[in-house]
Amino acid sequence: MSLIGRQLILIAALGTCLSGASKAVSQELSEPHLTAVPRTDAERARIEDVLSGPAGFEGAEDYEAKSGGAGTVARRKDEAAFSQATADLTQGMQLEFELGRAMFEKLWVASPSSTKASDGLGPLYHARSCGSCHIRDGRGFAGTDALLIRVSVPDGEGGVKPHPVYGGQLQHKALTGMEAEFQLELTYEETVIGLAGGETAILREPHYQLDLKLGPLGEDAMVSPRVAPAMIGLGLLEAIPSDDILALADPEDLNGDGISGRANVVMSAEFGTQMLGRFGHKATLPTVSEQTAAAFSADLGISTPVFPWHWGDCTAEQVNCREAPHGNDIEREGLEVDSQTMAVLNLYSRNLGVPARENVDDPQVLRGKALFHEAGCAACHVPKHVTHRLKEDVTGSFQLIWPYTDLLLHDMGDGLADGRPDGLASGREWRTAPLWGLGLVEQVGGQQGYLHDGRARTVLEAILWHGGEAAVSQEKVVAMTPKDRAALLAFLESL
């Protein structure tokens, strides 16, 4: 694929598409990132039985505690709960996993530098390492480096394109001698929400004041704040068959349940073919490796085999940025991160283990699980999937997993809308976030923070922000007795 083609795909991954024509959806999706073994009829029947809903809520389902299948890791009580290698990682892969961890935590520096293996940062950038945003392999939070701002403008043909001066993402840091693109002031406006039983909750709506250094964005510019998601279980999400996810989509709501669910189909820069979007808040990237390469380019200004330009998100208008020294090295394939380094980083990113559930047989948790299903939450937060059987001796092959997501796009209402299209996703749609590990967010990150921009300080606040297709479920939670709401939250905290 040409360099221009890859640039256009990264643009799309950052939340823009070039024209209305690119919105055409093809359901002929390939999975070149996997070497899957076709399922037999007997396996299909067995999987259909395993994936059926719970027969009752008097006890836990079989293997329910094993959120990540055979790769499930212990539910540690410290901040490293999300930093464990999946339990089915072979001994021979352990060294590469640890090398990947070192790359994930590496602090990149400006070029030229005596530490040639670590230079090439920026020149404009958002963070110096992957771990700066994914706190201890968990999610990021508003008010920290983990919050970034995407930007785009209309292209005049029904689509959108990157901002002609700022690019697809605003950068709040720069190397010495250069000026960052903006600084952010984040404030909140609070609203009290009444709940049945005399309880209340306070929701905070974020407001973003951008101190722009290269002039105003213009009245037609669209911005979208995002925080970094957690890293656990990514290899398992990548191994769910595309057909299984597409079978859950109901874009015209033909079954009349009020839930649509649309797939975001994207062009892969790595494989040059249409694939199912799985990663990112709007499912704009198809694989872990492409997600990692896109973050290197947009967030750190680092070139990789997939996105090989050295200036990151700098536009043609930002001549000083593009002409600044970069860290490309002939010994690293002319790049700042070569294919061998990407391989260990991708192995690490795919194999961060999912912690086991706790208290799956606790009566309050089981009551909360029943309420989760009664409120319709499971229509989008689909509890379980079975991954592909893979030919290679790799982790995650043919596993029953419990991520609580359908990986599809859903209209979440005006309250969460950013008004900015992302590939096929509209300005009101977001990908259903996986819920595994939800009860460990504060333990790992030192605070709570949920939804695409981290505005929700508790799980209950996150639920109360749900609108659009999820409005009926939100209203049912509001109407619950305090005892039932506590049970629902106990179930979610057990994940």
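The values are calculated or read from the model by the stated rules, or taken from the named source; none is laboratory data. Small disclaimer: the values here were computed from a predicted structure and weren't measured. We place every Cβ from the backbone using ideal geometry, glycine too, and count neighbours over all the protein chains shown. Surface areas here come from the heavy atoms of the whole protein model, side chains and all, with no ligands, DNA or RNA. Shrake-Rupley method; radii C 1.70, N 1.55, O 1.52, S 1.80 Å.
Per-structure values
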| read-out | value |
| --- | --- |
| Lone unmet requirement of (1) at pLDDT 95 or above; (2) assigned to a helix (DSSP H, G or I) for GLY92 | (1) |
| Hits in the stretch 293-317 - residues which are open to solvent by 10 Å² or more (accessible area, probe 1.4 Å) and assigned to a loop (DSSP other than H, G, I, E, B) | PRO305, VAL306, PRO308, TRP309, HIS310, TRP311, ASP313, THR315, ALA316, GLU317 |
| Considering residues of the stretch 318-354 that are assigned to a loop (DSSP other than H, G, I, E, B) and open to solvent by 60 Å² or more (accessible area, probe 1.4 Å) only, the residue nearest to SER118 (Cα to Cα) | ASN328 |
| Subset of the stretch 437-455 [within 20 Å of GLY280 (Cα to Cα) and open to solvent by 20 Å² or more (accessible area, probe 1.4 Å)] | LEU438, GLN448, LEU451 |
| Every pair of residues 6+ apart whose Cβ atoms lie under 6 Å, when the first sits in the stretch 68-90 and is of a type in the set (D, E, K, R) while the second is open to solvent by 50 Å² or more (accessible area, probe 1.4 Å) | ARG75/GLU358; GLU79/ARG136; ASP88/ALA70 |
| Hey, LYS66 over 30 Å from GLN340 (Cβ atoms) and touching a helix residue (DSSP H, G or I) at 6+ places or on another chain (Cβ under 8 Å) or not | no |
| Residue within the stretch 184-207 that is touching a His at 6+ places or on another chain (Cβ under 9 Å), part of a strand (DSSP E or B), farther than 30 Å from ARG357 by Cβ and among the small types (Gly, Ala, Ser) present | no |
| Members of the stretch 479-495 found to be open to solvent by 30 Å² or more (accessible area, probe 1.4 Å) and hydrophobic (A, V, I, L, M, F, W, C), listed by number | ALA479, ALA486, LEU489 |
| The stretch 358-391, subset open to solvent by 50 Å² or more (accessible area, probe 1.4 Å) and over 26 Å from the mean Cα position of the chain (by Cα), residue nearest to ARG262 (Cα to Cα) | GLU374 |
| Residues (open to solvent by less than 10 Å² (accessible area, probe 1.4 Å), at pLDDT 90 or above, more than 13 Å from CYS314 (Cβ to Cβ) and not in a strand (DSSP E or B)) located in the stretch 134-171 | ASP137, GLY138, GLY140, PHE141 |
| Some residue of the stretch 185-192 being in contact (Cβ under 8 Å) with a residue 24 or more places away in the chain and within 24 Å of LEU214 (Cβ to Cβ) | yes |
| Filtered residues of the stretch 306-328 (kept if touching a helix residue (DSSP H, G or I) at 6+ places or on another chain (Cβ under 6 Å) and closer than 13 Å to GLY120 by Cα) | TRP311, GLY312 |
| Considering residues of the stretch 1-11 that are surrounded by 14 or more Cβ atoms within 10 Å (Cβ to Cβ) and either assigned to a loop (DSSP other than H, G, I, E, B) or at pLDDT below 60 (or both) only, the residue nearest to the chain's Cα centre (by Cα) | ILE11 |
| Residue tally, condition within 28 Å of the chain's Cα centre (by Cα) and closer than 30 Å to GLN447 by Cα, over the stretch 39-79 | 17 |
| Counted residues, the stretch 245-273 - those being at pLDDT 95 or above, outside any loop (DSSP other than H, G, I, E, B) and open to solvent by 20 Å² or more (accessible area, probe 1.4 Å) | 2 |
| Answer residue from the stretch 144-158, given it is of a type in the set (Gly, Ala, Ser) and within 23 Å of the chain's Cα centre (by Cα) and is nearest to THR284 (Cα to Cα) among those | SER152 |
| Any hit, the stretch 292-308, residues being touching a Leu at 6+ places or on another chain (Cβ under 9 Å) and more than 28 Å from THR273 (Cβ to Cβ) | no |
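Let's see how each residue does on (1) modelled with pLDDT of 95 or more; (2) not in a loop (DSSP other than H, G, I, E, B):
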residue: TYR63; (1), (2): yes, no
residue: LYS66; (1), (2): yes, no
residue: GLU79; (1), (2): yes, no
residue: GLY100; (1), (2): yes, yes
residue: LEU107; (1), (2): yes, no
residue: GLY122; (1), (2): no, no
residue: ARG128; (1), (2): yes, no
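Rundown of residues vs (1) of a type outside the set (Val, Ile, Thr); (2) out of contact with any helix residue (DSSP H, G or I) (no Cβ under 7 Å at 6 or more places or on another chain); (3) on the phi > 0 side of the Ramachandran plot, yes/no style:
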| site | (1), (2), (3) |
| --- | --- |
| ALA239 | yes, yes, no |
| ASP244 | yes, yes, no |
| GLY256 | yes, yes, yes |
| ILE259 | no, no, no |
| ASN264 | yes, yes, no |
| SER268 | yes, no, no |
| GLN291 | yes, yes, no |
